[in-house]
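*Asks:* Quick one: the structure is below, questions incoming.
The values are calculated or read from the model by the stated rules, or taken from the named source; none is laboratory data. Since the structure is predicted, the reported quantities are computational estimates derived from the model, not experimental observations. Here the Cβ positions follow ideal geometry from the backbone for every residue, glycine too, while neighbour counts run over all protein chains shown. We work out accessible area using only protein heavy atoms, side chains counted, and drop any ligands, DNA or RNA first. Shrake-Rupley method; radii C 1.70, N 1.55, O 1.52, S 1.80 Å.
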Amino acid sequence: MKIVIMGPQGSGKGTQADLISKRFSIPHIDTGSLLREHIAKKTEIGKIIEKPMMKGELVPPEAVDKIIKLRLEEPDAKKGFVIDGYPRQLEQAEFLDTVTDIDAVIVVDIPEDISVKRISGRRTCRKCAAVFGPDAKKCAECGGELFQRKDDTPEIVKERLKHYREETEPLVEYYKPREIVHVIDGTGTVEEVFKLIMQALS
Ligand code: AP5
Ligand code: MG
């Protein structure tokens, strides 16, 4: 199973990719988290991407293409994976086609007001990057401390949504001729959305 999961901010890409990863025993490859690790470790890539990321812009494709290629070469990704957050632009989709064949593209959709509401309330684990709602006190996966991402303010979410609608959503048309796209209503509960994804993949 080689899966790409797409959707606007807060649609639950990360939440659902985690569940898919556990169900199929395949790695969850989350480009946002991989990029944030580079920033935390102050690597060369981290220095290039920090500013655009904190403003809600897309980072330069060279940075993220390289990260994805290296991650897909790791042994655990050989039997399948679920990629969350990549591709986000036509150039990235074309690059991905040069390194692997995708079996399914899941598009989880929600309206903008739900995006802003969910993202404003999101808490992320400092240790393992798991995400929770506003009432969580510590990470239910590893017990780690929770924090609010700097790019999770309503203003920056609107900027990120603009990039999604203008650059990422058109990729649905790119994949459509291959008949691998499944558009899922993301407005239900986590369990309801997961059920719809499992039905689409079966
Ligand atoms: P990234 O970290 O990928 O952020 P994003 O795309 O903006 O998506 P989010 O992580 O905000 O949303 P999500 O859909 O994963 O929602 P989640 O499951 O957490 O990227 C960050 C930045 O990195 C980008 O802005 C860009 O700068 C850069 N970047 C990354 N990839 C790049 C690329 N390929 N090219 C260029 N730049 C790149 O859920 C959100 C909240 O809602 C949580 O609190 C969750 O608990 C809750 N929730 C989830 N599902 C439900 C539900 N069904 N009901 C109620 N609550 C729910
Ligand atoms: Mg995410």
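*Asks:* What residue, of 81, 24, is farther than 23 Å from residue 152 by Cβ, touching a residue at least 12 places away in the same chain (Cβ under 8 Å) and open to solvent by less than 50 Å² (accessible area, probe 1.4 Å)?
*Replies:* Answer to the check: 81.
*Asks:* Considering only residues that are surrounded by 13 or more Cβ atoms within 10 Å (Cβ to Cβ), in a loop (DSSP other than H, G, I, E, B) and away from ligand 2 (no atom under 11 Å from the Cβ), which ones fall in the range 129-140?
*Replies:* Within the range 129-140, 136, 139 meet the criteria.
*Asks:* Considering only residues of the range 27-42 that are open to solvent by less than 40 Å² (accessible area, probe 1.4 Å) and outside any helix (DSSP H, G or I), which is farthest from ligand 1 (Cβ to nearest atom)?
*Replies:* Per the criteria, the residue is 27.
*Asks:* Still on this structure, please answer the following. Could you say which residue among 143, 186, 121 is touching a helix residue (DSSP H, G or I) at 6+ places or on another chain (Cβ under 8 Å) and either of a type outside the set (Val, Ile, Thr) or within 14 Å of ligand 1 (Cβ to nearest atom) (or both)? Spell out the reasoning first.
*Replies:* On the way: 143 fails: touching a helix residue (DSSP H, G or I) at 6+ places or on another chain (Cβ under 8 Å); 121 fails: touching a helix residue (DSSP H, G or I) at 6+ places or on another chain (Cβ under 8 Å).
Only one candidate qualifies: 186.
*Asks:* Any chance you could count how many residues in the range 170-202 are part of a loop (DSSP other than H, G, I, E, B), in contact (Cβ under 8 Å) with a residue 12 or more places away in the chain and over 12 Å from residue 103 (Cα atoms)?
*Replies:* 3
*Asks:* Considering each residue of the range 103-117, count those that are open to solvent by 20 Å² or more (accessible area, probe 1.4 Å) and over 16 Å from residue 164 (Cα atoms), and give that number. Break it down into steps so the answer makes sense when it comes.
*Replies:* Filtering the range 103-117 for residues open to solvent by 20 Å² or more (accessible area, probe 1.4 Å) gives 103, 109, 111-114, 116-117.
Next, from what is left, pick out any that are over 16 Å from residue 164 (Cα atoms): 103, 117.
Total satisfying the criteria: 2.
*Asks:* Looking only at residues in the range 141-176 that are away from ligand 2 (no atom under 16 Å from the Cβ), of a type in the set (A, V, I, L, M, F, W, C) and under 17 Å from the mean Cα position of the chain (by Cα), which one is most open to solvent (accessible area, probe 1.4 Å)?
*Replies:* Across the range 141-176, the extreme among qualifying residues is 172.
*Asks:* Taking the criterion of being farther than 15 Å from residue 31 by Cα, open to solvent by 60 Å² or more (accessible area, probe 1.4 Å) and either outside any strand (DSSP E or B) or near ligand 1 (Cβ under 10 Å from one of its atoms) (or both), would at least one residue in the range 56-71 satisfy it? Break it down into steps so the answer makes sense when it comes.
*Replies:* Taking the range 56-71 as the starting set, the residues that turn out to be farther than 15 Å from residue 31 by Cα are none.
Checked the range 56-71: no residue is farther than 15 Å from residue 31 by Cα, open to solvent by 60 Å² or more (accessible area, probe 1.4 Å) and either outside any strand (DSSP E or B) or near ligand 1 (Cβ under 10 Å from one of its atoms) (or both).
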